[in-house]
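Okay, structure first, notes after.
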Amino acid sequence: MSPAMPFFHPRGAVLYTTLETYVRHFYRELGFDEVITPQVVDVELFKRSGHYANYRENMFFCSIDEREFGLKPMNCPGHTLIYAAQKRSYRDLPVRYADFGRLHRYERSGVTAGLTRVRSFCQDDAHIFCREDQVGTEIGGQILMIQEVYRQFGFEMKVGFSTRPAQSMGTEPGLSDAERQEWDGIWARAESTLQAALEAAGLPYHVDAGDGAFYGPKIDCQVRDAIGRWHQLGTIQLDFALPKRFELGYTNAQSGQSRPVMIHRAVLGSLERFIGILIEHCAGDFPLWLAPTQLRIITVNEAVKGYAETVRRAFHRVGLRVHVDQRNEKLGFKIREAEIQKVPLVAVLGAKEAEGGTVSLRWRKKGDAGQQPLDQAIRSVLDAAAVP
């Protein structure tokens, strides 16, 4: 139906949207503004950005009203247009844009794999436009974010520094010797600046020669999955090329014009890939804040059916994800089934709970939490389910 373009069912969609919410927490702390950009764009934009010359074989195209359009493979060209839509001063920088827009990249059918290598995906994508003297601070902040996110999920991380590839900006046919020398200088400056920022952060790293993006060098962050394979998730890329191609500028302190530096950054990377790796890493045993079903209400008998619905509505009203199991099965069977399905928390409701307006909570890992008034139980579960 849609090769290598996943469908997410309700439980998977919960993981997807909850991870977006988690990342947005960092965006607020780090001063990012979220933007939305079109998926279908005139190919003239990609010709100007260099994607058409350097990335065309990985793109999807269509024709509309006798014009050629491309499905965006990356958000960066659109973000340069937003930056260029108004005049900027050195006092305005850094400008930070974040975008959860859907991306499409053509991958050969023999290369695609599950959720880890797909053709349609969403990135926690962001771009920072800053002065050269701000690059170290900005990259340092993004490295700290990546470290904190991977620590939260218990991922082991290794870092690679990727340098200029053979096919890159400045290698296109038809450039003069002077133009090639100018691009060589831009690449050398970008690589030395990014490597200095990486070393200042104190992270051990290895060099991946020739594995950079076609527009700039990059820091790639890989994590190990449940069976020992390494996958790239996060990336930080330094780009002097796109600001030059789009003639971006800002008014400097001397009232002249300077060109900003562009930093490309993703932490989770593709949400599809991140979720695929996370499912295996956790073996489906997600923390309470991320679990598709956070609380399962288990009834002892038919008589408490009405009270179970009251409890469900109360938990649901405060934003918790709740499911009621009122099947005519033995209590022990229903509790064991919830444990097998790795539901983090169950609330057992019998006649005593219905009469007293209470619930009996049982944590999958910590065991019984005792009988509690409904209001108190809601507060304790809300506290435990807070997004970190």
message: Would you confirm whether or not the range 288-295 contains a residue that is buried (at least 23 other Cβ atoms within 10 Å of the Cβ) and either over 25 Å from Tyr150 (Cβ atoms) or in contact with a Phe, Trp or Tyr (Cβ under 8 Å, 6 or more places away or on another chain) (or both)?
response: yes
statement: Just one listed residue, out of Asp99, Asp33, is surrounded by 13 or more Cβ atoms within 10 Å (Cβ to Cβ), touching a residue at least 12 places away in the same chain (Cβ under 8 Å) and among the acidic types (Asp, Glu), and it is Asp99
task: Within the range 327-351, track down each residue that is of a type in the set (S, T, N, Q) and either over 21 Å from Ala384 (Cα atoms) or not assigned by TED's automatic domain parsing to the domain that holds Ser380 (or both).
output: Asn328
- line: Residues of the range 61-75 being over 21 Å from Val35 (Cβ atoms) and surrounded by 10 or more Cβ atoms within 10 Å (Cβ to Cβ), in sequence order, are Phe61, Cys62, Arg67, Glu68
- request: Need at least 2 residues that are among the aromatic types (Phe, Trp, Tyr) per element, so show me which strands (runs of 3 or more DSSP E) inside the range 67-183 make the cut, counting only ones lying wholly within it.
  value: 120-130
statement: The residue from Leu349, Leu374 that alone is over 34 Å from the mean Cα position of the chain (by Cα) and in contact (Cβ under 8 Å) with a residue 60 or more places away in the chain is Leu374
field: Counted residues, the range 194-221 - those being surrounded by fewer than 17 Cβ atoms within 10 Å (Cβ to Cβ), part of a strand (DSSP E or B) and not acidic (Asp, Glu)
entry: 2
- request: Quickly run through the range 248-273 and pick out the residues that are touching a residue at least 60 places away in the same chain (Cβ under 8 Å) and over 13 Å from Asp125 (Cβ atoms).
  value: Leu248, Gly249, Tyr250, Thr251, Asn252, Ala253, Ser258, Pro260, Val261, Glu272, Arg273
statement: Those strands (runs of 3 or more DSSP E) completely within the range 248-363 that have 2 or more residues that are in contact with a Cys (Cβ under 9 Å, 6 or more places away or on another chain) and either closer than 30 Å to Ala197 by Cα or modelled with pLDDT of 95 or more (or both) are 261-270
message: If I filter the range 47-60 for residues that are within 22 Å of the chain's Cα centre (by Cα), more than 23 Å from Gln134 (Cβ to Cβ) and surrounded by 13 or more Cβ atoms within 10 Å (Cβ to Cβ), do I get at least one hit?
response: yes
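Report, by residue number, each residue of the range 364-387 that is part of a strand (DSSP E or B) and either in contact with a helix residue (DSSP H, G or I) (Cβ under 8 Å, 6 or more places away or on another chain) or within 17 Å of Thr310 (Cα to Cα) (or both).
The answer is Ala369, Gln371, Gln372, Pro373.
The values are calculated or read from the model by the stated rules, or taken from the named source; none is laboratory data. All values derive from a computational prediction rather than experimental measurement. Note: ideal-geometry Cβ built from the backbone for every residue, glycine included; neighbour counts use all protein chains shown.
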